[in-house]
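Report on the following structure.
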Amino acid sequence: MLRTALSVAGAAALALALANLAATAPSPGAEDGYVSIFNGKDLTGWIERGSKGGWIVENGLLVCTPKGRFLFTEKEYSDFSFKFEFKLTPGANNGVCIRSPLQGNPAYDGIEIQILDDYHPRYLGRLRPAQYHGSIYDVWPARRGFLREAGEWNEEEIICRGPKIKVILNGAVIVDADLTKATDPKVLARHPGLKRTKGHLGFFGHGDRVEFRNLRVKEFK
């Protein structure tokens with residue numbers, strides 16, 4: 001009888017401890033230090049350039065329509081982790097702008113991380129190594145084979161710390177670059193943005209529909 005009472009008391013104590021732990025634990029999906037940069041309702045905090053109404057909010061998603069061109073955060077970032085999800089339409093082409101100025105071409109005056117349905121037949125035999133999805137455009141090639149088919153959601157993280165840039169696609173590191181090792185004079189001449197240490201985040205539409213969600217950033221001090 002005494003053993004049973006102690007067992008019941010122990011079980012009750014364990015249940016109480018688990019309840020207290022659940023009450024103090026972060027809510028599902030919460031991530032320490034990350035801040036949402038898209039409210040799911042409108043383009044507050046963003047600047048559209050090169051098109052008007054080409055970027056829209058639809059059913060809580062950030063959508064680049066075929067008319068969409070540039071979309072930048074109002075805020076500038078230096079060292080950070082940028083996490084987001086995206087879904088491509090067949091053959092779609094887009095890009096992530098990092099450390100970009102508001103003017104000029106982010107692929108050269110800033111840094112562009114390629115977003116591309118590179119499985120599509122239209123690109124067969126036409127792409128240079130640093131043009132496939134996840135590559136630092138025209139500078140640093142990404143590993144292939146981790147992009148999901150058009151119509152499926154992908155998860156991506158871009159980490160910038162000084163000259164080091166890492167791209168993680170669906171849990172796999174596809175770029176682990178040190179920009180100090182990009183020493184080709186022709187590449188450096190075409191890409192002055194590689195030396196930038198701060199700038200805007202954004203996207204670079206190329207005439208295709210692409211959907212985005214769960215955009216959040218964690219800044220490193």
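Laboratory data are not the source of any read-out in this text; all were calculated from the coordinates shown. Just so we're clear, the structure is a prediction, and the values are computed from it rather than from any experiment. Neighbour counts run over all protein chains shown; Cβ positions are idealised from the backbone, glycine included.
Quick notes
- ³J(HN,Hα), Karplus 6.51/-1.76/1.60, whole Hz, each residue of region 179-195, x for Gly, Pro: 5, 5, 8, 8, 10, 5, x, 5, 5, 5, 5, 6, 10, x, x, 4, 8
- From the alpha carbon centroid of region 180-221 to that of region 33-73 is 17 Å.
- Here the chain is treated with +1 on each Lys and Arg Cβ and -1 on each Asp and Glu Cβ, and its dipole about the Cα centre works out to around 420 debye.
- Sorted by Cβ density within 10 Å, fewest first, the residues S135, S36, S81, S51: S36, S51, S81, S135
- As a ratio to 2.2 N^0.38 Å, the alpha-carbon radius of gyration for the chain is 1.26.
- Note that region 45-53 has calculated 3J(HN,Hα) couplings of x, 10, 10, 9, 9, x, 7, 10, x Hz, one per residue in order, obtained from phi through the Karplus relation 6.51 cos²θ - 1.76 cosθ + 1.60 (θ = phi - 60°); glycine and proline are x.
- Axis angle, to the nearest 10 degrees, between helix 2-24 and the longest C-alpha principal axis of the chain: 30 degrees.
- Cross-link pairs exceeding 25 Å between alpha carbons, from the set K52/K87; K87/K195; K166/K218; K41/K221: K87/K195; K41/K221.
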